[in-house]
Structures are given as C-alpha cells and as structure tokens.
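Worksheet: the structure to be examined is printed underneath.
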C-alpha cells in the first residue's frame, strides 16, 4: 500500500538520482536537501538525521583518509615506488608490475592518494619509453579499485556499507563486518582483473597524445648538474646499463669528467666516481631527481640536503634586484636566503658556466631548493618574485616512518584479531603522529574530506527513512517478484545489476545509500542470510569500471589520459560482467 511517507521517499529518491546524474547540485548538497525534506515532513527525527555523526565507521573513514594524507606528504611511498619500478622496461613488464603493486597497496591504503602518487611515475615512464599514458592510466585506476575491494578498509565504500550494516542491523548477534570478509571475492578478482587487462583489456586502450604535455602550463626547461656519489651503484656501469640515457623525463646532455667534457653522449660510456652529469628537463622532473634513489647527488644543495622540511620553488629576478650582474657566490645567496639555486632558466639558453659563477640578469628564473627559514628571510624582499611551488620534501627519522607504517599495520591486525577496535587503533596512531611532530594540528583539518563525511552521514539517514517508511520493503518485494524465479542467485544478480548501474551513472556512495536498505529488506523478508546481499552491494558499488564519473580514481585519469566516456565503457563493461559473475558465484557457494 502506497502511503504518503512512501510516496515522499520515492520523490526524494528521484530528486537524488536526477540531481546527481545531471550534476544539478553537488552530491553532498543533494543529500542534504533530500534529508531536510524528509525531516520537515516528519519521516526523520532530528536525532535520526544527525546520529550518523556518532557512527564509528564514519570516524574510521575520516581517520584513514587523514593517515593516507600524512603518509603521502612524507614522500615515503614515492621512494618505495621508485625502487619497485626502477627496472621495468617493457610495456607488459611495467603494466604487470603496476597492476600488482598498486592493487596490493590499495588493499590497505586509500586508493585516491595512491593514484595521485603513481600518475607522475606513469607519465615519466611513458615519456622515457615512448608510450602514450593513455595505455596505462585506466589500468592504474582499475588496479586501485580492484585492490580496494579486497579488505574492509581498502575503500571508503566498504566502510560506508559497514557503517550502514552496523546502523541498520536486523541481526543483533552480528556487530560488524570484519577486515577480511571481502577477501573471498576481492583476491580472485585482483587476479582475474589483472589477467583481463594484460591479455584482453589493453588491446582496447586508446593510443592518444599525452594530454599533460599538450596542456602543460608554461613548464620551463632547465639544465642541472648531478654528481656520481662516492659509493654509487652507478660506478662501473655504462650510461645505458645505469638507465641514465633518459632518467625520470630528464635528458642526459653531457658528462663533465675532471678537465674534459664528454658530448655528444654515447650509451657505452662507463661512469666513474666524481663524474658530473648534465641533464636537461622540466621543473617536475628535476624535483623527482632530487628525491630519487639514483646514486646521484646535486652539489648545489650542499648542507641543505640534510634538512627535514624543504621545498622546490621557482622565482624570477626582479628589474631592480641587487642580484643583477652579480654571481650567487658574490651575493652569498645560500646563507642569506636559506636556499640553494639548483638551476637557472634564461629563455632556453644553455648556460655553460657553473651556477655559482653565473652573472645574473633581470628576468632570470631560478629553481630553488629552499630551507625552513626561506619564507621568513624573503618576506619583505623585492630581490625576486615568487612564481610557483613545484614540490614539498619532508624527511622523517626511521622511527617516525616505523610508527606511521608499523602503527597503521598493527592497528589493522589488532582489529582483525578483535584485540582492539580499528577506531581506537587508528586514533592512537594519529595522536602519536601529532606528539612526535610527524604532522601538525593545523594540517589535519585540511586533510578531512568534509563532503564525503556529510554524504556518508546523510546516506545513513536516507537508509533509516527508506526502512522506516516501508519504501525499502516495497522495492524489495518488487525485486523479489522479478528475480525470485531464478532463486537466491537471481536475487544477488538483480541486486548487483541495479547497484552497479546506479554507481556508474551517479556515485557509488549514493548507490549504496539507496540500495543497501532494499538489499537488507530482501534478505529479511525472505528470512535468509543478509551478509551476501550486503557484500554484493559493496562490491557492485566499489568495483566501478564503466564510467569516469562512477569512481574518483576514474575521474582522476579521465582528463590526463585524454579518454572519452566510451573508452571506459569498452574496457570496463566486460570487467564489470566478470566481476558480477565472480561475486555471485563465490558468495552463493559460501552462503547458500
């Protein structure tokens, strides 16, 4: 029977779907308006609207995002990736390594910062090896999605589903999903998804011009010198064996060896201690070289290489600067400004002299490696003008790195063995990070995704409204009528199809908020185990491959890869079918 409450809930659902699909309002504001309407008409009480803010899983999502951002800012993950991808040379070799490594990390770390960190690596590797990034960026996003679906904490979608399960649980004996409850389907799908991309999906990937190069914003090319260290792994290797012909997007121009210059470059030249390698490259690539484990050092950095917090920035010498017609040595630049000049850009001109001996001109662009006191010393100066910040560098002591990674891993393990809740474990790690000055209290609020938190809380309220009004039960009965002839397996297929369709064309958070209460009602109405339906909703919403708008990592690679909307569908639709069949088959075997 259609009551006023059910009709109003359907009206709100239609409003949500139209607003999200047409992008009339943002997801957070859409959900907020919908819940306010339900509150005005008394379907939801004020307590029911805001009780999601006290939900433990909402706090866990926020804390995982905070830790992911802290880890990203330390550049530790970048150094790890630098080692893991160093010897990947072929297309299939790099693709395989990328899929395996990213999916593994994504099972335990938030996938959005992982993709953000990997994209520059993909871009640099493609530039060095003459491949289009469009052959790798969709697989990068898919690897993060596949890995994120392996564990409870791998993606925020799984945590949202768990929050809904705890909030709306009709089975008091079951308190929460466990961290590895998702692995039965997640691990096989990492394997199947990787094999699909390697043997079939990669053939459908477009070979498009590098969108980042096409639209790069006035990136300047510099010449920079790097010296072979005393005990460097490069000593005794040829330029080709060391992989330095084109390292991290930088082109090796010449080698300065004692009193003579080696140019043009030949790949069979053997490197020796003290060789000074002259590279040409753009700002981002030079910043990559500074933080790499390449066996090289940049002499201009000197003692500044020991500092914990630094930045690579660009400045331009002003028209009235006292630097004009003076060298950096004469001006005592490093001690005066707490910054080292790494390279000088002068309208593409190659500067033959050593950087410290160059007479500066107005308009010269200086690439600086700046220390912690640079901002204070240059606050009121007009000697040069700031152009842009290229990169932040932050070095942590070994015990702080151990606390971040070991503490996070320990919190996950202790939660898995029911010794301590994940909430308390993560809270301890964050408090310890603040106490040891790994991060600062002012930085934490900047890392919180307030829109995501609001969407989760409003989704919890929407689920309450759908169950409370009877709308979820009505929709569940309709789905039972349609899919019941196929049995329980048919109901799982139906749940997966509807969830994945909504997730593809609106958002996965919205799909979970709408379908979860329906799935629970189906299981409760038929008096069958609800867990397979809960997991099906989670997999269908998180494993979103068909559209760029369905998942945040797809959206991240959409523009840089130069993809069209249909590229995702061509590659993602078969993978979605594989995922659906695998999910239903495994869950049916386990639970039915």
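Exactly one residue among 502, 497 is closer than 21 Å to residue 24 by Cβ and either crowded, with 18+ Cβ neighbours inside 10 Å or in the same structural domain as residue 164 (by TED's automatic domain parsing) (or both), and that residue is 502.
The condition of being in the same structural domain as residue 190 (by TED's automatic domain parsing) and in contact with a helix residue (DSSP H, G or I) (Cβ under 8 Å, 6 or more places away or on another chain) holds for only one of 542, 585, that being 542.
Conditions (1) modelled with pLDDT under 85; (2) outside the structural domain of residue 542 (by TED's automatic domain parsing); (3) in a helix (DSSP H, G or I), marked per residue:
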{"position": "113", "(1), (2), (3)": "yes, no, yes"}
{"position": "123", "(1), (2), (3)": "yes, no, yes"}
{"position": "159", "(1), (2), (3)": "yes, no, yes"}
{"position": "171", "(1), (2), (3)": "yes, no, no"}
{"position": "187", "(1), (2), (3)": "no, no, yes"}
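Right, residue 509: more than 23 Å from residue 449 (Cβ to Cβ), touching a residue at least 60 places away in the same chain (Cβ under 8 Å) and touching a helix residue (DSSP H, G or I) at 6+ places or on another chain (Cβ under 7 Å) or not? Here the answer is no, as residue 509 does not meet what is asked. In the stretch 234-255, the qualifying residues are those that are modelled with pLDDT of 80 or more and part of a loop (DSSP other than H, G, I, E, B), and the one that is farthest from the chain's Cα centre (by Cα) is 236. Residues in the stretch 340-359: is at least one over 18 Å from residue 222 (Cβ atoms) and outside the structural domain of residue 279 (by TED's automatic domain parsing)? Checking the stretch 340-359: not a single residue is over 18 Å from residue 222 (Cβ atoms) and outside the structural domain of residue 279 (by TED's automatic domain parsing).
For the stretch 82-111, filtering for residues that are surrounded by fewer than 19 Cβ atoms within 10 Å (Cβ to Cβ), under 28 Å from residue 432 (Cβ atoms) and modelled with pLDDT under 75 leaves 2. If the condition is being part of a loop (DSSP other than H, G, I, E, B) and either in contact with a strand residue (DSSP E or B) (Cβ under 7 Å, 6 or more places away or on another chain) or touching a residue at least 24 places away in the same chain (Cβ under 8 Å) (or both), then the stretch 412-440 contributes 421, 436, 438, 439.
Scanning the stretch 127-165 for residues that are buried (at least 24 other Cβ atoms within 10 Å of the Cβ) and touching a strand residue (DSSP E or B) at 6+ places or on another chain (Cβ under 9 Å) yields a total of 0.
Criterion applied to 2, 13, 25 was being surrounded by fewer than 19 Cβ atoms within 10 Å (Cβ to Cβ) and within 35 Å of the chain's Cα centre (by Cα), and the one residue passing it is 25. Residue check: is residue 542 buried (at least 21 other Cβ atoms within 10 Å of the Cβ), free of Cβ contacts under 8 Å to residues at least 60 places away in the same chain and within 14 Å of residue 583 (Cβ to Cβ)? The answer is no for residue 542. Can residue 554 be described as touching a helix residue (DSSP H, G or I) at 6+ places or on another chain (Cβ under 6 Å) and either assigned to a loop (DSSP other than H, G, I, E, B) or not assigned by TED's automatic domain parsing to the domain that holds residue 131 (or both)? No. The set of residues from the stretch 205-228 being surrounded by 15 or more Cβ atoms within 10 Å (Cβ to Cβ), modelled with pLDDT of 70 or more and in contact with a helix residue (DSSP H, G or I) (Cβ under 8 Å, 6 or more places away or on another chain) comprises 205, 206, 208, 222, 224, 225, 226, 227. Residue count for the stretch 268-287 satisfying the condition of being at pLDDT below 80 and surrounded by fewer than 21 Cβ atoms within 10 Å (Cβ to Cβ): 3. Would you say residue 470 is at positive phi, more than 33 Å from the chain's Cα centre (by Cα) and surrounded by fewer than 15 Cβ atoms within 10 Å (Cβ to Cβ)? No: the conditions fail for residue 470.
The values are calculated or read from the model by the stated rules, or taken from the named source; none is laboratory data. Treat the numbers as computed from the prediction; the structure is a model and nothing was measured. Ideal geometry is used to build each Cβ from the backbone, glycine not excepted, and the neighbour counts take in all protein chains shown.
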